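Asker: Got a structure for you, written out below as structure tokens; questions coming shortly.
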Amino acid sequence: MNRQVQALLVLYPILLGIDGAFGNTLLRWQVTEILPLLRSICFTVIPDFLLPEWVPNAHPLIVHFPIALIFVAIAADALALWLGERWETGQEVATGLYAATGLSAVVSYYSGTWAIDTVSIVTPGAAQTLSAHSFWAWYTMVSTSGYALLRAAGLFIPWVRTRRAAHLVLFLLGLGTLVPMHETGENGGAMVYKRGVGVTRTQEIPAPSSPAPDSTRRDTVQRDTVQGPAPAAGSSSPGAGAP
């Protein structure tokens with residue numbers, strides 16, 4: 001794959017993220033068609049009938065893609081930094097993974113905005129946590145997309161590609177994208193596990209069951225009812241001593 005095709009694949013999702021950061025104004029004429037397409041992709045890749053009954057929307061499943069991809073991208077970038085010229089395409093591979101992270105962050109962010117309509121926000125604490133989660137998700141989308149753009153631009157600058165110091169600086173900047181992603185996940189988890197947003201049913205403790213009746217005692221009671229109580233030891237039945 002030549003450099004021009006790589007640049008197109010990397011830049012397109014990045015432009016989507018930048019457009020979202022500026023309120024959908026930079027590429028409004030494209031976003032008019034792109035956002036409905038992204039929404040269709042979300043519901044096509046994970047349609048409603050594939051979701052468990054306790055999941056209100058596909059966002060909890062989609063949101064894990066950027067989390068996984070960012071760690072894979074950082075690992076590949078660290079390996080490329082360590083091997084240097086021994087892995088000629090290392091920086092291209094890492095850049096492609098960062099671009100995939102940015103694209104998945106865009107899809108994840110917009111799927112989250114659509115998911116709000118499928119859950120109930122009934123407490124001020126839940127609304128505050130949702131606001132923080134939404135802000136950090138937006139910041140994650142912008143930072144991962146912007147960083148992917150920076151890495152893509154670095155592929156076309158010879159001194160950036162050849163100098164390990166420049167690569168090291170870029171690598172450290174990539175680590176910085178973990179901060180907003182961590183905050184996004186932290187607030188997202190708090191919404192579910194602390195605020196109960198999207199939880200359809202709480203866990204119930206079953207009522208203690210009454211102990212089963214003693215079958216031996218039941219049989220004894222039935223026999224005494226029919227035959228009468230057994231005579232005491234040393235006593236005789238009525239009329240036993242009569243001539």
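The values are calculated or read from the model by the stated rules, or taken from the named source; none is laboratory data. Since we're looking at a predicted model, the values are computed, not measured. Side chains included, ligands, DNA and RNA excluded: accessible areas come from the protein's heavy atoms. Shrake-Rupley method; radii C 1.70, N 1.55, O 1.52, S 1.80 Å.
Asker: I need the Debye-formula profile for region 81-188: one equal scatterer per C-alpha, no solvent, reported as log10 I(q)/I(0) at q = 0.24 1/Å, two decimals.
Answerer: Values, matching the q order: -1.26.
Asker: Specify the inter-centroid distance of region 166-202 and region 101-132, based on alpha-carbon positions, in whole Å.
Answerer: Centre-to-centre (Cα) distance: 12 Å.
Asker: Further question on the same structure: Rounded to the nearest 10 Å², what accessible area does Val199 show when all protein chains are kept and the probe is 1.4 Å?
Answerer: 80 Å²
Asker: Something else: Using only Cα positions of region 90-137, each an equal point scatterer, no hydration layer, compute I(q)/I(0) via Debye at q = 0.13, 0.19, 0.31, 0.33 Å⁻¹ and quote the log10 values to two decimals.
Answerer: Calculated log10 I(q)/I(0) at the listed q: -0.44, -0.68, -1.10, -1.14.
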